[in-house]
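One structure follows; several queries about it will come next.
The values are calculated or read from the model by the stated rules, or taken from the named source; none is laboratory data. These numbers come from a predicted model, not from an experiment. Cβ placement follows ideal geometry from the backbone for every residue including glycine, while neighbour counts extend to all protein chains displayed. Only protein heavy atoms, including side chains, enter the accessible area calculation; ligands, DNA and RNA are left aside. Shrake-Rupley method; radii C 1.70, N 1.55, O 1.52, S 1.80 Å.
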Amino acid sequence: MRAEVVEAFGKPLVERELDIPIAGPRQIVVKTEACGVCHTDLHAASGDWPLKPTLPFIPGHEAIGIVSAVGAGVTIVKEGDRVGVPWLYSACGHCEYCLSAWETVCPDAQFGGYTRNGGFAEYILADPDYVAHIPKGLSPTQAAPLICAGLTTYKGIKETDTRPGEWIAVSGCGGLGHLAIQYAKAMGLLVCAVDIDDKKLNLAKSLGADLTFNARSADSITRLIKETGGGTHGVLITAPSLGAFSQGIAMARRRGTCVLVGLPPGDFPVPLFDVVAKCITIRGSFVGTRQDMAEALAFAADGKVKADVELQPLEDINAIFKRLEHGDVAARVVIDYVNNSSDLENKQEAQEVYAH
Ligand code: NAD
Ligand code: ZN
Ligand code: ZN
């Protein structure tokens, strides 16, 4: 099978011909139909985080495909089912976090495309207990961004504890953010979209954002606070940039909750006085549980959320990474394994809009 492999951090991925994995007991093999390219894949290939994957590895954790083989003892899925192989590749199932439906923070969790090989390959070995079940009516390329970007932002919005009619700020309107805006609107929230790129803000507006702010303009936070009557009740920070974090906290209303989702390497200073005096909650959020996954997919199956996808072939992965690094992806690139050239029009359009 063809696979794009990280053999050294910070270096281009290398295309390799590898053996198709074999399903052992309680394992399945999935034939990949589509895989979204998340900014996390870029962090993974760059070795950005303290916990690094073991080299070599195959990134990709927004993989959708068809179960092509099942090992002994597998009952939850069968050959021919369409599943997603997500970031939460597996968890222990027995610790206090797994038992309380917080399997995302299981200390023994494995991560797809990170500690286990992922979807930048024609076949993936997966744990049937942790794959996403893709509802009928969602195409593989549509479903792909939902199993990380969609799930993470849906869960992140819930973690802000906002209620219908309240304000949420979504900082970073790329792969994650463009879905966050749609989930927030579907959940009855008022949305401020914040980005540093006016093209992203135009997309945000077309997806239903009530107000948009370019974080590069000096008075954006003052205006946001004024126009929302004191700041937003929730803030969801998806930007892969440290500058967005202090800014995001400044957008919060008194007693507001800032949910941190973006994972740029490094730390950011917390404005202690403001956080204490305004009783602001700062909370990390990491993908979502299997129950969150089912809920996040249901929104899309009901037509309330739709990923904006640009289809590309696997062999272009290094060029895609370069564009992602430079903010030159409109929303989400999805690797299309079934029909590489089906979206030429979309591809050309994206290249025109984002050409330097
Ligand atoms: P992306 O590149 O598609 O989108 C990032 C967006 O942020 C772009 O629109 C960019 O213009 C914008 N941006 C950059 N700097 C900004 C700033 N200072 N203020 C406002 N906006 C800014 O990336 P993505 O795939 O959406 O991923 C975003 C981040 O989320 C990454 O760091 C990724 O690793 C992380 N992530 C975390 C989780 C989790 O579970 N916590 C899950 C998935 C991704
Ligand atoms: Zn991701
Ligand atoms: Zn566990």
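Any residue in region 336-354 that is closer than 23 Å to D195 by Cα, within 16 Å of ligand 1 (Cβ to nearest atom), modelled with pLDDT under 95 and touching a Lys or Arg at 6+ places or on another chain (Cβ under 8 Å)?
Taking every residue of region 336-354 in turn, at least one turns out to be closer than 23 Å to D195 by Cα, within 16 Å of ligand 1 (Cβ to nearest atom), modelled with pLDDT under 95 and touching a Lys or Arg at 6+ places or on another chain (Cβ under 8 Å).
Scan region 44-72 residue by residue and report those that are in contact with a Cys (Cβ under 6 Å, 6 or more places away or on another chain) and either open to solvent by 30 Å² or more (accessible area, probe 1.4 Å) or not in a loop (DSSP other than H, G, I, E, B) (or both).
Passing the criteria: E62, A63.
Determine whether region 176-197 contains at least one residue that is surrounded by fewer than 24 Cβ atoms within 10 Å (Cβ to Cβ) and small (G, A, S).
Within region 176-197, one or more residues are surrounded by fewer than 24 Cβ atoms within 10 Å (Cβ to Cβ) and small (G, A, S).
Open to solvent by 10 Å² or more (accessible area, probe 1.4 Å), farther than 20 Å from R216 by Cα, within 18 Å of the chain's Cα centre (by Cα) and hydrophobic (A, V, I, L, M, F, W, C), is that true of V261? Quick ask: steps written out before the conclusion?
On the way: open to solvent by 10 Å² or more (accessible area, probe 1.4 Å): yes; farther than 20 Å from R216 by Cα: yes; within 18 Å of the chain's Cα centre (by Cα): yes; hydrophobic (A, V, I, L, M, F, W, C): yes.
Yes: the conditions hold for V261.
Might you check whether a residue that is at pLDDT below 95 and more than 19 Å from the chain's Cα centre (by Cα) occurs anywhere in region 275-298?
Scanning region 275-298 turns up no residue that is at pLDDT below 95 and more than 19 Å from the chain's Cα centre (by Cα).
Among (1) in contact with a helix residue (DSSP H, G or I) (Cβ under 9 Å, 6 or more places away or on another chain); (2) touching a residue at least 40 places away in the same chain (Cβ under 8 Å); (3) assigned to a strand (DSSP E or B); (4) not charged (D, E, K, R), there is one condition V29 misses while meeting the rest; what is its number?
(1)
Also: Give all pairs with beta carbons closer than 6 Å in which a residue from region 36-50 that is among the small types (G, A, S) meets a residue that is near ligand 1 (Cβ under 8 Å from one of its atoms); count only pairs at least 6 apart in sequence or on separate chains.
What qualifies is G36/R332.
If you don't mind, there's one more thing I want to ask. Give the residues of region 232-255 that are free of Cβ contacts under 8 Å to residues at least 60 places away in the same chain and of a type outside the set (A, V, I, L, M, F, W, C), sorted by residue number.
G243, S246, R254, R255, listed by residue number.
Suppose we filter A204, A184, A169, A209 for residues that are under 23 Å from F321 (Cα atoms) and among the small types (G, A, S); which single one remains?
Selected residue: A204, the only one of A204, A184, A169, A209 that is under 23 Å from F321 (Cα atoms) and among the small types (G, A, S).
Out of the strands (runs of 3 or more DSSP E) lying entirely within region 73-186, which hold 1 or more residues that are outside the structural domain of D19 (by TED's automatic domain parsing)?
The qualifying strands (runs of 3 or more DSSP E) are 167-171.
Moving to a separate point now. Just to be sure I understand, how many residues within region 247-257 are within 20 Å of R216 (Cα to Cα) and either open to solvent by 40 Å² or more (accessible area, probe 1.4 Å) or hydrophobic (A, V, I, L, M, F, W, C) (or both)? Explain how you work it out, then say what you get.
Let us first name the residues in region 247-257 that are within 20 Å of R216 (Cα to Cα), namely 247-252.
Narrowing further to those that are either open to solvent by 40 Å² or more (accessible area, probe 1.4 Å) or hydrophobic (A, V, I, L, M, F, W, C) (or both): 247, 249-252.
Going through region 247-257 one residue at a time, the tally reaches 5.
What single numbered condition from (1) away from ligand 1 (no atom under 14 Å from the Cβ); (2) among the hydrophobic types (A, V, I, L, M, F, W, C); (3) in contact with a Phe, Trp or Tyr (Cβ under 7 Å, 6 or more places away or on another chain) fails to hold for V131?
Here V131 meets the rest and fails (3).
Which of the following residues is out of contact with any Gly (no Cβ under 6 Å at 6 or more places or on another chain), charged (D, E, K, R) and more than 16 Å from ligand 3 (Cβ to nearest atom): K78, K155?
K78
When A250 is evaluated against the numbered criteria (1) within 16 Å of ligand 1 (Cβ to nearest atom); (2) under 17 Å from G177 (Cβ atoms), which criterion, by number, is the only one it fails?
Only one criterion is unmet by A250, namely (2).
Just one of the numbered conditions (1) open to solvent by less than 60 Å² (accessible area, probe 1.4 Å); (2) in the same structural domain as G84 (by TED's automatic domain parsing); (3) more than 21 Å from the chain's Cα centre (by Cα); (4) aliphatic (A, V, I, L, M) is not true of V338; which one?
(1)
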